[in-house]
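To keep things clear, I will list the structure first and then write my remarks on it.
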Amino acid sequence: MERIGVLTGGGDCPGLNAVIRGVVRKAALSNIKVVGIKNGWKGLVNIDTIDLDIDKVADILPKGGTILGTSRTNPYKNFEDVGKVIANYKKLKLDALVAIGGEDTLGVANKLVKENKGLNIVGCPKTIDNDLSGTDCTFGFDTAINIVTEAIDRLQTTADSHHRVMVVEVMGRHAGWIALHSGIAGSADFILIPEAPINLDEICNVITKQRQRGKLYSIIVAAEGAQIQGKDMVTKDQILDAFGHVILGGIGERLAKMIGNATGFETRSVVLGHLQRGGSPSAFDRVIATKFGVKAMELVLAKKFGYMASLQGTEVKEVPIELAVGTLKTVDAKSYDLAKTFFG
Ligand code: F6P
């Protein structure tokens, strides 16, 4: 084991740099050279790399984003690109590759491992959405829910002053973990998640009862993929990315109009969008991302290819990447039921 590659793919997320630093520092202890592959799988399709050493990663731990850049490039969209990835891995003389990403990036890693063309890949579970199976949580999620919780706290005071309903739209395409956890932490009056389409009357009844009780403002948290029963997900446009995802957005605004019209209460909406992905990672994310990076390198050293670092309870262990990308980890009924205790 002399030379390994590391790449970050998919949406960026706080903690990516902490993983990269963990990989490089652990590799350095065994005199293994680390090549940073730029912009996710794109950097292996085109050979776009940067050599990494402990000086290059010295001050990156608290920085948001990724020093390697990222993209949603899917080599499996174009058969020739898969061939280029395999050929360039060999051209770069890599002995192994650490792929840091979510369902899409690790989905590509899993396919490459299964093709058995000599690519030794290990994974690290990233995404603010926390929707990856095979790990208790992904890094980036904790930072995101702290950003949203702070935003909700701030929105409480302005909503209270104006006696308004405030709808907060947060990220989460198919899984409502961000909405659920930030909604609980921010004492939201209603939380909408993609897993449980809601009847508009349910929300309006909750808000109306609150007013009758004398609480004159309400906070509604809605995941971007949340749906009103009988209606489709709200999308920005119909363009699909390389992994077939549509760009979501607009449920907050739509909901605000519907609630305002149905109840007569003044209603506003706010979209937190990419604010949730930006900035410095929380201490929790810095620690698990660091542990994931070190674990990924341990998997490389142990030649446990096709595996991914995974948080299980308080320990970082490993699971087959296949287990993480098979099905999305969505919000379970028990977790949502707990949140419902506090609706209204
Ligand atoms: O995959 C993470 C995520 O943050 C989703 O929650 C969101 O729908 C998507 O990325 C947004 O992606 P983009 O940065 O391409 O707009």
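A quick yes/no check of all residues on (1) open to solvent by 20 Å² or more (accessible area, probe 1.4 Å); (2) within 16 Å of the ligand (Cβ to nearest atom); (3) of a type in the set (A, V, I, L, M, F, W, C); (4) not assigned by TED's automatic domain parsing to the domain that holds Phe292:
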position	(1), (2), (3), (4)
Leu16	no, yes, yes, no
Lys38	yes, no, no, no
Leu44	no, no, yes, no
Lys56	yes, no, no, no
Asp59	yes, no, no, no
Arg72	yes, yes, no, no
Glu80	yes, no, no, no
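Within the stretch 43-66, residues that are more than 22 Å from Thr127 (Cβ to Cβ) have Cβ atoms under 6 Å from residues that are part of a loop (DSSP other than H, G, I, E, B) in these pairs: Asp48/Lys38, counting only partners at least 6 apart in sequence or on another chain.
Let's see how each residue does on (1) touching a helix residue (DSSP H, G or I) at 6+ places or on another chain (Cβ under 7 Å); (2) closer than 30 Å to Thr208 by Cα; (3) not aliphatic (A, V, I, L, M):
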site	(1), (2), (3)
Val294	yes, no, no
Leu299	no, no, no
Lys303	no, no, yes
Ala309	yes, no, no
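Leu323 passes every criterion in (1) among the hydrophobic types (A, V, I, L, M, F, W, C); (2) farther than 30 Å from Asn205 by Cα; (3) open to solvent by less than 40 Å² (accessible area, probe 1.4 Å) apart from (3). Looking across the stretch 238-253 at every residue that is touching a residue at least 40 places away in the same chain (Cβ under 8 Å) and touching an Asp or Glu at 6+ places or on another chain (Cβ under 7 Å), the one that is nearest to Ser269 (Cα to Cα) is identified as Gly252. Among the residues of the stretch 113-133, those identified as crowded, with 24+ Cβ neighbours inside 10 Å and more than 16 Å from Leu275 (Cα to Cα) are Ile121, Val122, Gly123, Cys124, Pro125, Lys126, Asn130, Leu132. Against the conditions (1) in contact with a strand residue (DSSP E or B) (Cβ under 8 Å, 6 or more places away or on another chain); (2) surrounded by fewer than 16 Cβ atoms within 10 Å (Cβ to Cβ); (3) under 18 Å from Ile4 (Cβ atoms), Met308 satisfies every one except (2).
The values are calculated or read from the model by the stated rules, or taken from the named source; none is laboratory data. Everything numeric here is computed off the predicted structure, so don't read it as measured data. Neighbour counts run over all protein chains shown; Cβ positions are idealised from the backbone, glycine included. Quick note on the areas: whole protein, heavy atoms, side chains included, nothing else; ligands and nucleic acids left out. Shrake-Rupley method; radii C 1.70, N 1.55, O 1.52, S 1.80 Å.
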